[in-house]
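Worksheet: the structure to be examined is printed underneath.
The values are calculated or read from the model by the stated rules, or taken from the named source; none is laboratory data. Values in this document were obtained by computation on a predicted structure and should not be read as measured data. Neighbour counts run over all protein chains shown; Cβ positions are idealised from the backbone, glycine included.
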Amino acid sequence: MEEMWSYCGTTHHVMKRVDRFLDERTYLSRKCRGVVLLDKAICNGTKDFGPCDRSCFLFWREEWLQKVDTK
């Protein structure tokens, strides 16, 4: 999603891994691997649809992320 670009180059903690999610288009539970949710990285709306108050978490593929040593 284009809205994810604003988070590139920033540092966030992994909030949790995603193993299953509800596909809102089909209302079916879907399995997934290698997907995480980042703390405070949420969608605030899109360019096409405008602002949104749902504050949905964005799904991040683990291979897109770089582990940072926080010591």
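Scanning segment 15-47 for residues that are β-branched (Val, Ile, Thr) and touching a helix residue (DSSP H, G or I) at 6+ places or on another chain (Cβ under 9 Å) turns up 35, 36, 46.
In summary, residue 12 fulfils each of the numbered conditions (1) touching a residue at least 40 places away in the same chain (Cβ under 8 Å); (2) under 27 Å from residue 69 (Cα atoms) with the single exception of condition (1). Taking the criterion of being touching an Asp or Glu at 6+ places or on another chain (Cβ under 9 Å), hydroxyl-bearing (Ser, Thr, Tyr) and assigned to a loop (DSSP other than H, G, I, E, B), no residue of segment 23-65 qualifies. Every condition in (1) in contact (Cβ under 8 Å) with a residue 24 or more places away in the chain; (2) among the hydrophobic types (A, V, I, L, M, F, W, C); (3) outside any loop (DSSP other than H, G, I, E, B) is met by residue 68 except one, and the failing one is (3).
Among the numbered conditions (1) at pLDDT below 95; (2) surrounded by fewer than 10 Cβ atoms within 10 Å (Cβ to Cβ), the only one that residue 3 does not meet is (2).
Just so you know, in segment 23-71 the residues that are surrounded by 11 or more Cβ atoms within 10 Å (Cβ to Cβ) and small (Gly, Ala, Ser) include one that is nearest to the chain's Cα centre (by Cα), and it is 41. Count of segment 6-17 residues, restricted to those that are over 12 Å from residue 38 (Cβ atoms) and exposed (fewer than 10 other Cβ atoms within 10 Å of the Cβ), is 1.
This table checks each residue for (1) under 15 Å from residue 10 (Cα atoms); (2) at pLDDT below 90; (3) of a type in the set (Lys, Arg).
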{"position": "32", "(1), (2), (3)": "no, no, no"}
{"position": "44", "(1), (2), (3)": "no, yes, no"}
{"position": "51", "(1), (2), (3)": "no, no, no"}
{"position": "69", "(1), (2), (3)": "yes, yes, no"}
